[in-house]
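Chemist: Before anything else, here's the structure in question.
Just so it is clear, none of the values below were taken in a lab; they were calculated from the coordinates. Just so we're clear, the structure is a prediction, and the values are computed from it rather than from any experiment. Using ideal geometry, Cβ is built from the backbone for each residue, glycine included, and neighbour counts are taken over all protein chains shown.
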Amino acid sequence: MRKLPQIALLVATSSLLAACGGGGVFNRDRPDEMAVQRQAPLVVPPDFNLAPPSPGAPRPAEGTAQEQALEALFGGPQARSSVETSAIERAGVAAPGIRSQVGDPATNTVAKGRVTRDIIAAPEGDGQSAQAVIPS
């Protein structure tokens with residue numbers, strides 16, 4: 001008699017857990033909410049002799065979703081200040097192959113100190129045997 005409630009509880013729990021594993025109602029394909037784009041309103045063209053657009057061609061009045069997001073966030077390109085303009089002029093144009101020359105051993109660099117040199121020269125590893133020395 002005492003085992004009957006335990007068996008009934010076990011059967012009920014296992015049937016509830018079995019229902020969680022199926023495809024069911026909750027496992028269905030949904031549209032991606034972040035991929036939805038707002039469409040520009042329809043505008044009547046001033047010239048009615050225009051040729052209709054070709055099927056599948058992008059709409060000429062609107063940009064991509066990325067361009068629209070940048071426009072909404074930053075409001076388009078802004079005029080540069082005189083300080084920014086002078087800094088860009090003083091920096092000049094970088095050499096075309098500068099990114100490949102940076103890792104070259106013959107490239108002159110500025111000494112960043114003993115700590116930076118030690119960090120760069122540290123052996124590779126998973127960090128299991130790492131130690132920290134705190135100077136006193």
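Chemist: Test V44 against the criterion of being loosely packed, with under 10 Cβ neighbours inside 10 Å and in a loop (DSSP other than H, G, I, E, B), and give yes or no.
Modeler: Against the criterion (loosely packed, with under 10 Cβ neighbours inside 10 Å and in a loop (DSSP other than H, G, I, E, B)), V44 qualifies.
Chemist: For the subset of the stretch 61-101 comprising residues that are exposed (fewer than 10 other Cβ atoms within 10 Å of the Cβ) and of a type in the set (S, T, N, Q), which member is farthest from V43 (Cα to Cα)?
Modeler: The extreme case among them is S100.
Chemist: Okay, next question. What number of residues within the stretch 66-115 are touching a Lys or Arg at 6+ places or on another chain (Cβ under 9 Å) and under 30 Å from R38 (Cα atoms)?
Modeler: So the count comes out to 1.
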